[in-house]
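Here the structure is laid out as structure tokens; the discussion comes afterwards.
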Amino acid sequence: MMKSRWFRAIAIALALSLIVTLGLSCGGGSGANTIVIGLATDLTGPASTFLVTGERALYDSVNYVNEHNPLAGGELKVVAYDTRYDPSRDIPAYEWLKERGAAFIYSGIPTFGDTVRTRADREHYCVVSSAPTEYQLIPPGYVFGLTPPVSWVMKGFLAWISEEHWDYETQGRKPKIGAVGWDEPYQIDVTNAIEGYVAAHPDEFEFVDGLITPMGNMSWYGEVETLKGCDYIYIPSTGLGTATFAKQYRDAGYTATFLGLDAMSAFLELLVEKAGWDYLDGSLTAHTTLYWNDDFPIVDKAKEFLSLYHSGQEEEIMSGGVGYISIFFCAQFVMDLVRRAIEDVGVDNFDSQAFYDTAVDFTWNQEGLPERGYGFSDTVRWARKDLTVYEWQAEAQDMVRISGWIPADVP
């Protein structure tokens, strides 16, 4: 059953790739009052499993606005470009999407905002990044991050582990921590953040090593042995890299608590299939959104979207992890921001500058979210500012929330 789901994900990716190749789009029509959202994504590369599933939430949100809560005088559509997770395709994606009339570009590709930032600032063109780096956000410009940089989130996560999870008195020592993963920006940023946090807080952790391997590596013997004495390990961020390391480390008899962020949780089903709940039990992941088993109206709305647009696939999508619901939160925030901008300037006058002018004074609150909500200002370019921690529990066969909201904007 699980294997057929992954085949279906691949089929979706190939279908969407064909859509991009043919220059087609999803959502509204092509009239004068159609607002185009550009999507720079990965449909066929190493992050495609997560993004193909997750970005259904963006398409669903656009369709819901058009069908059930239309904009005053306008409609939305999404036009996508497949970067294949290849940084050399970031600029072609930017240009291709602008040429097709995108008012702004949304991307979950970590390199995209880095690559296009200077040009976006020069051209006063908005880019919305759901995987931003510090470079994209500081100083504030035309790249808007839906989350803090992963390096900041990791530092907030480590502070919580030190304060709430590790028992210094019982253990009689500080914990040993390491990191391992592929040579890609997300993993490198997190690894550097861990090493930097430990250097700044030497009484809290002992840093063992931060190991970076070539993209696509699946054999981890050397890395397993190097990190065998760790108490905590930030494991690879992407798909099969995560699963193969977890299995090989546990097969070797080692017991460190695995750590991850949203990227790890987005591959929950794949990890369970390849490694199993017994190997993942006790893992900790820090998220900047809520999860499917959290009892709040905004989560219920995500489930409503699944029933409306993916009837019969609800359990399959939810069991896949945070992919859909994480991007659902991003999409809902962006839809409401666009709506506010159109209320301010009218649909005929909506463009990238109108998006910018509204964004720099926009806050979004929902029940269950942190008290300070999501939003931007003249000086702040990251919308989410807090994290919450989930424990992977074999008995429950699920991720269970074990913390309140914790500051995640920790440069």
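Derivation of every value follows stated rules applied to the coordinates shown; laboratory data play no part. Model, not experiment: these values are computed from the prediction. For neighbour counting, all protein chains shown are included, and Cβ atoms are generated from backbone atoms with ideal geometry for every residue, glycine included.
DSSP loop (so not H, G, I, E, B), at most 10 other Cβ within 10 Å: list which trypsin sites (Lys or Arg not before Pro) in the stretch 72-173 pass both filters. Intermediate values should be presented prior to the final figure.
Working: sites: LYS77, ARG84, ARG89, LYS98, ARG100, ARG117, ARG119, ARG122, LYS155, ARG173; in loops: ARG84, ARG100, ARG173.
Qualifying residues, ordered by number: ARG173.
For LEU387, what residues show an amide H to amide H distance below 5 Å, using hydrogens built from the backbone and excluding near sequence neighbours?
Placed amide hydrogens put ILE406, ALA408 under 5 Å from LEU387.
Net charge around VAL224, counting only other residues with Cβ within less than 11 Å of its Cβ (Lys, Arg = +1; Asp, Glu = -1)? Let's see the in-between values first.
Values: positive: LYS228, LYS247, ARG250; negative: GLU223, GLU225, ASP251.
Result for the local shell: 0.
Taking the alpha carbon gyration tensor of the chain, what are the square roots of 5 times its eigenvalues, largest first, to the nearest whole Å?
Values: eigenvalues 243, 102, 82 Å².
Semi-axes, largest first: 35, 23, 20 Å.
If we count other beta carbons within 10 Å of each Cβ, what is the order of THR288, THR238, THR255, THR34, fewest first?
On the way: THR288 28, THR238 23, THR255 10, THR34 18.
By the 10 Å Cβ count, ascending, the order reads THR255, THR34, THR238, THR288.
Roughly how tilted is helix 185-200, in degrees to the nearest 10 and between 0 and 90, from the longest Cα axis of the chain?
50 degrees
Give me the count of lysine pairs in the chain whose alpha carbons sit under 16 angstrom apart, restricted to pairs 8 or more positions apart or on different chains. Could you put the intermediate results ahead of the total?
Values: LYS3/LYS274; LYS77/LYS98; LYS155/LYS176; LYS155/LYS385; LYS176/LYS228; LYS228/LYS247; LYS247/LYS274.
Counting lysine pairs in the chain gives 7.
Can you compute 3J(HN,Hα) from phi for each residue in the stretch 250-255, using the Karplus curve 6.51 cos²θ - 1.76 cosθ + 1.60 with θ = phi - 60°, rounded to whole Hz and x for Gly and Pro?
My calculation for the stretch 250-255 gives 5, 4, 7, x, 9, 10 Hz in order.
Starting from the stretch 325-371, pick out the GluC sites (Glu not before Pro) whose DSSP state is loop and whose Cβ has at most 11 other Cβ atoms within 10 Å. List each step's numbers first, then the result.
Values: sites: GLU343, GLU367, GLU371; in loops: GLU367, GLU371.
In loop regions of the stretch 325-371 (DSSP not H, G, I, E or B), the sparsely surrounded GluC sites (Glu not before Pro) are GLU367, GLU371.
As a check on your grasp of the helix formula, calculate [θ] at 222 nm for the chain: sum -39500 (n - 2.57) over DSSP H runs of n ≥ 4, divide by the residue count, round to the nearest 500. Show your work: numbers first, answer last.
Numbers: 18 runs with 184 residues, N = 411.
Computed ellipticity for the chain at 222 nm equals -13000 deg cm²/dmol.
Treating the angle as unsigned and between 0 and 90°, give the value, to the nearest 10°, between the Cα long axis of helix 56-68 and the longest Cα principal axis of the chain.
30 degrees
Quick one: Karplus J couplings for the stretch 207-220, per residue in order, coefficients 6.51, -1.76, 1.60, θ = phi - 60°, nearest Hz, x for Gly and Pro?
7, 8, 5, x, 9, 10, 10, x, 3, x, 4, 10, 10, 10
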